[in-house]
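Worksheet: the structure to be examined is printed underneath.
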Protein chains: 2
Amino acid sequence: MGSAKKTPSTSVDSFVLTFTGIVADVHSGATRAAGPREPAFRRGTMLANLRQVSLVSTEELATIASRMGLSRLDPAWLAANIAIEGAGPISQLPRGTIIRFPSGASLYVSDLNSPCKAAANLIREHARLTKEQISPFVPHAVGRRGLVAFVYAQGRVTSGDAIEFLFAQPELPNS
Amino acid sequence: MGSAKKTPSTSVDSFVLTFTGIVADVHSGATRAAGPREPAFRRGTMLANLRQVSLVSTEELATIASRMGLSRLDPAWLAANIAIEGAGPISQLPRGTIIRFPSGASLYVSDLNSPCKAAANLIREHARLTKEQISPFVPHAVGRRGLVAFVYAQGRVTSGDAIEFLFAQPELPNS
């Protein structure tokens, strides 16, 4: 688990989720200003912060690394808050999925994360890659870059926690 | 447009969306207590309020009414905050869809709304129906009862506003 207070992340054994995000994390806050990820909104527009917490899958990172010819990609290099291991790919989980921790702390999945050049540059720096080595990151990370979420229920998250996925149920009209 | 400060709703020409919902509406607030709609959470657990605003489609209400043998169902009878006309069915819009108003005020669709007995009782009272007349409400309203949403961007909503749907884009991994 990483706390992205500064880039690069520092790994912590435990942290608390409050309704504004991870305490002291740079992405916490009830609101955030619209940026390049929200092209439909004027830059700087205040939006509800749906990107409080970022999650990656160690299996997806392994796939990206392998396709880039790297031995590994450390979740901290991507400034991810939470790395999930053993659940397989997570990036295509539908919006509205709730990820719950044993304490009751829960995250509402608001979006998949898109690979950006900033993440690529961080990785490049950490892994000491050349421009040629980092350039395949974005194409291979599309759809595998993990999720962003916001806090649905407060509580503590601890390294090694078993997690639970609560899937939103469809409710179709009868014909 | 209705303000659900009290049940039954009162119709207003305009209201303001803030990050906690519709000012003075009973459903506003940054958080709400888990209830029967959140069976996975212990009753009373504080949750982020994803149900700040409820929306119905006049076309879907007409379908429900027609199947119940009624001439109409007034959005106010369901204590809906916003009735959308001319967009067709809305209840199956995916979670994560953003509904934007001309002021910039925007709602993030968090869930479809499930028909409940409380709504049925309200309708029954307003339309002066018998038990037999109201009993088909729930089965015909499943999947047509509209949406719940929370405020993504603040601003004013005015009766007659043209609305825009911003759909979340898929981002699939390359094979």
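The one condition from (1) surrounded by fewer than 17 Cβ atoms within 10 Å (Cβ to Cβ); (2) within 14 Å of another protein chain (Cβ to nearest Cβ); (3) at positive phi that B:Gly146 does not meet is (1). Can you find, within segment B:8-40, the residue that is surrounded by the most Cβ atoms within 10 Å (Cβ to Cβ) among those that are among the β-branched types (Val, Ile, Thr) and within 12 Å of chain A (Cβ to nearest Cβ)? The qualifying residue surrounded by the most Cβ atoms within 10 Å (Cβ to Cβ) is B:Thr20. Residues in segment A:96-122 that are at pLDDT 95 or above and more than 13 Å from the chain's Cα centre (by Cα): 10 in all. Against the test of being part of a loop (DSSP other than H, G, I, E, B), more than 26 Å from A:Leu107 (Cα to Cα) and open to solvent by less than 20 Å² (accessible area, probe 1.4 Å), the options B:Ala87, B:Ala80 yield a single qualifying residue, B:Ala80.
Mind checking which residues of segment A:59-69 are buried (at least 18 other Cβ atoms within 10 Å of the Cβ) and over 26 Å from A:Glu164 (Cβ atoms)? Before the answer, list the steps.
Here is the first cut: in segment A:59-69, the ones buried (at least 18 other Cβ atoms within 10 Å of the Cβ) are A:60-61, A:64-65, A:68.
Within segment A:59-69, A:Ala65, A:Met68 qualify.
Name the residue, out of B:Arg32, B:Arg37, that is of a type outside the set (Gly, Ala, Ser) and without any contact (Cβ under 8 Å) to a residue 24 or more places away in the chain. Walk me through how you get there before you give the answer.
Numbers: B:Arg37 fails: without any contact (Cβ under 8 Å) to a residue 24 or more places away in the chain.
After ruling out the rest, the residue left standing is B:Arg32.
Of all the criteria given as (1) open to solvent by less than 60 Å² (accessible area, probe 1.4 Å); (2) under 25 Å from A:Phe167 (Cβ atoms); (3) hydrophobic (A, V, I, L, M, F, W, C), the one not satisfied by B:Met46 is (1). In the set (1) buried (at least 18 other Cβ atoms within 10 Å of the Cβ); (2) in contact with a helix residue (DSSP H, G or I) (Cβ under 6 Å, 6 or more places away or on another chain), the condition left unmet by B:Arg72 is number (1). Tell me whether segment A:93-106 contains one or more residues that are at the interface with chain B (Cβ under 8 Å from one of its Cβ atoms), surrounded by fewer than 17 Cβ atoms within 10 Å (Cβ to Cβ), assigned to a loop (DSSP other than H, G, I, E, B) and out of contact with any Asp or Glu (no Cβ under 9 Å at 6 or more places or on another chain). Within segment A:93-106, one or more residues are at the interface with chain B (Cβ under 8 Å from one of its Cβ atoms), surrounded by fewer than 17 Cβ atoms within 10 Å (Cβ to Cβ), assigned to a loop (DSSP other than H, G, I, E, B) and out of contact with any Asp or Glu (no Cβ under 9 Å at 6 or more places or on another chain). Of the residues making up segment A:41-72, those that are of a type in the set (Val, Ile, Thr) and either part of a helix (DSSP H, G or I) or more than 9 Å from chain B (Cβ to nearest Cβ) (or both) are A:Val53, A:Val56, A:Thr58, A:Thr63, A:Ile64. Are there any pairs, at least 6 apart or on different chains, whose C-beta atoms fall under 8 Å, with the first in segment B:158-172 and open to solvent by less than 70 Å² (accessible area, probe 1.4 Å) and the second polar (S, T, N, Q) and assigned to a strand (DSSP E or B), and if so, which? Every condition considered, the pairs that remain are B:Thr158/B:Ser14; B:Ser159/B:Ser14; B:Leu166/B:Ser106.
The values are calculated or read from the model by the stated rules, or taken from the named source; none is laboratory data. Keep in mind that this is a model prediction, so the values were computed, not measured. Glycine gets a Cβ as well: all are built from the backbone with ideal geometry, and neighbour counts include every protein chain shown. Protein only, heavy atoms only, side chains kept; ligands, DNA and RNA dropped before computing areas. Shrake-Rupley method; radii C 1.70, N 1.55, O 1.52, S 1.80 Å.
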